[in-house]
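Presented below is the structure to which this report refers.
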Amino acid sequence: MGLFNRSVKVSTYGLLEGRTDWHCHILPGVDDGFRTMEDSLAALSLYEKAGFKEVWLTPHIMEDIPNTTAALRQRFTDLQVAYGGRLRLHLASENMMDPLFEDRLKAGDLLPLPDKRLLVETSYFNPPMDMDGILSSVKSKGWYPLLAHPERYMYMDMARYEALKADKIEFQLNITSLVGAYGSEVKAKAEKLLQAGMYDYSGTDLHRLSSLEHLLSAELSKKILALIP
């Protein structure tokens, strides 16, 4: 086995040193992620030790979790006051492509990532009605869709991924997919998309502290690690 194919610990390789996490659910008590301020602060402490420099907090907004922009901003302020550490924290949202998102898009009531990027998602098993139409609406209003964790969508195949990329849709990798957090099928899809150069951003999609601990202790091949955006 060549040196480039050898596996190394994620923490030893230094993958997270100086990195920005573009997707996580650390903002406490607003969705299915971290529940308490104490747990969120513990996660941010581990982020510091792992070497991260910036973290984008991207709580869900969907019909089942109808967070409002005002409420999320207030909770984000609460976290900033409680934290006071060296990480640069930012607020955006992960947007389910559902009727609530379409209403918010029309109203311009959005929490974007930099450069007018909107982190969007779908059900893991079924596409939304008129997904292409929704994505076109996003772009027509001057926003840029960033599809969260495409490797997790069981209904998508390589032809669909290629069509989305041809339509200028950016992809965000869940790094945890590569260490088997969602099973072997998702891991295999993530590796295939990564090797095809389809990912533009990466994040942890962190919901629990244990997931980051598992990522740090896991091993990946240097070949895979070198491809992570």
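Every number in this text was worked out from the coordinates using simple rules, so none of it is lab data. Since the structure is predicted, the reported quantities are computational estimates derived from the model, not experimental observations. Reconstructed Cβ throughout: ideal geometry from the backbone, glycine too, with neighbour counts over all protein chains shown.
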### Task
Take the residues in the range 114-155 that are among the hydroxyl-bearing types (S, T, Y) and not in a helix (DSSP H, G or I), then tell me which one is nearest to H90 (Cα to Cα).
Y144
### Message
Name the single residue that is nearest to L27 (Cα to Cα) among those in the range 161-194 being among the small types (G, A, S) and assigned to a helix (DSSP H, G or I).
### Response
S177
#### Entry: Subset tally (residues that are in contact (Cβ under 8 Å) with a residue 40 or more places away in the chain and not charged (D, E, K, R)) for the range 154-172
1
### Answer from L57, L79 - the residue that is closer than 30 Å to L216 by Cβ and touching a residue at least 40 places away in the same chain (Cβ under 8 Å)
L79
### Task
Return only the number of the condition from (1) of a type in the set (S, T, Y); (2) touching a strand residue (DSSP E or B) at 6+ places or on another chain (Cβ under 9 Å); (3) surrounded by 14 or more Cβ atoms within 10 Å (Cβ to Cβ) that S137 does not satisfy.
(2)
### Query
Do we find that S123 is surrounded by fewer than 21 Cβ atoms within 10 Å (Cβ to Cβ), over 18 Å from the mean Cα position of the chain (by Cα) and hydroxyl-bearing (S, T, Y) in this structure?
no
### Message
Being polar (S, T, N, Q), over 17 Å from H23 (Cα atoms) and either buried (at least 20 other Cβ atoms within 10 Å of the Cβ) or in contact (Cβ under 8 Å) with a residue 12 or more places away in the chain (or both): is that true of S221 here?
### Response
yes
## Note on the structure
When L216 is run through (1) assigned to a helix (DSSP H, G or I); (2) closer than 17 Å to Y124 by Cβ; (3) in contact with a Lys or Arg (Cβ under 8 Å, 6 or more places away or on another chain); (4) of a type outside the set (S, T, N, Q), the failure sits at (2)
### Task
Identify the single condition in (1) free of Cβ contacts under 8 Å to residues at least 60 places away in the same chain; (2) in contact with a helix residue (DSSP H, G or I) (Cβ under 8 Å, 6 or more places away or on another chain); (3) over 30 Å from P28 (Cα atoms) that G197 does not satisfy, given that it satisfies every other one.
(2)
### Query
Out of the range 72-122, which residues are among the polar types (S, T, N, Q) and touching a Pro at 6+ places or on another chain (Cβ under 9 Å)?
S93, T122
